[in-house]
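Data block below; observations after.
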């Protein structure tokens, strides 16, 4: 498992499992697109993660953070793939 920094965030990338985990607990899965020319990234535990953050943040802020973190997860995963080769 590789660790990658994106800004201030720490990501743990598991290429074998196809997951990227943020230090806040958000898990993003990577799945090959049907066409085979890229990946689709999905937050696997989004609802549980949002509930934990809603205690300290507004829904608007949590939603914006989730979108940003999924983009960061995709970048960290692709960086790990590139480093592997």
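Here are some notes:
- Positions within region 45-56 being outside any helix (DSSP H, G or I) and either loosely packed, with under 14 Cβ neighbours inside 10 Å or touching a residue at least 40 places away in the same chain (Cβ under 8 Å) (or both), in sequence order: 55, 56
- The residue of region 66-75 that is nearest to the chain's Cα centre (by Cα), among those that are closer than 14 Å to residue 45 by Cα, surrounded by 15 or more Cβ atoms within 10 Å (Cβ to Cβ) and free of Cβ contacts under 8 Å to residues at least 60 places away in the same chain, is 70.
- Within region 11-26, residues that are without any contact (Cβ under 8 Å) to a residue 60 or more places away in the chain and on the phi > 0 side of the Ramachandran plot sit with their Cβ atoms under 8 Å from residues that are surrounded by 21 or more Cβ atoms within 10 Å (Cβ to Cβ) and assigned to a strand (DSSP E or B), at 6+ positions apart or across chains, in these pairs: 18/30.
- Flag for residue 83 being over 15 Å from residue 21 (Cα atoms) and not in a helix (DSSP H, G or I): no
Only the coordinates and a few stated rules stand behind these numbers; no lab work does. Predicted model, so just to flag it, every value in this text is computed and none were measured. Because the Cβ atoms are built from the backbone with ideal geometry, glycine has one as well, and the counts that use them run over all protein chains shown.
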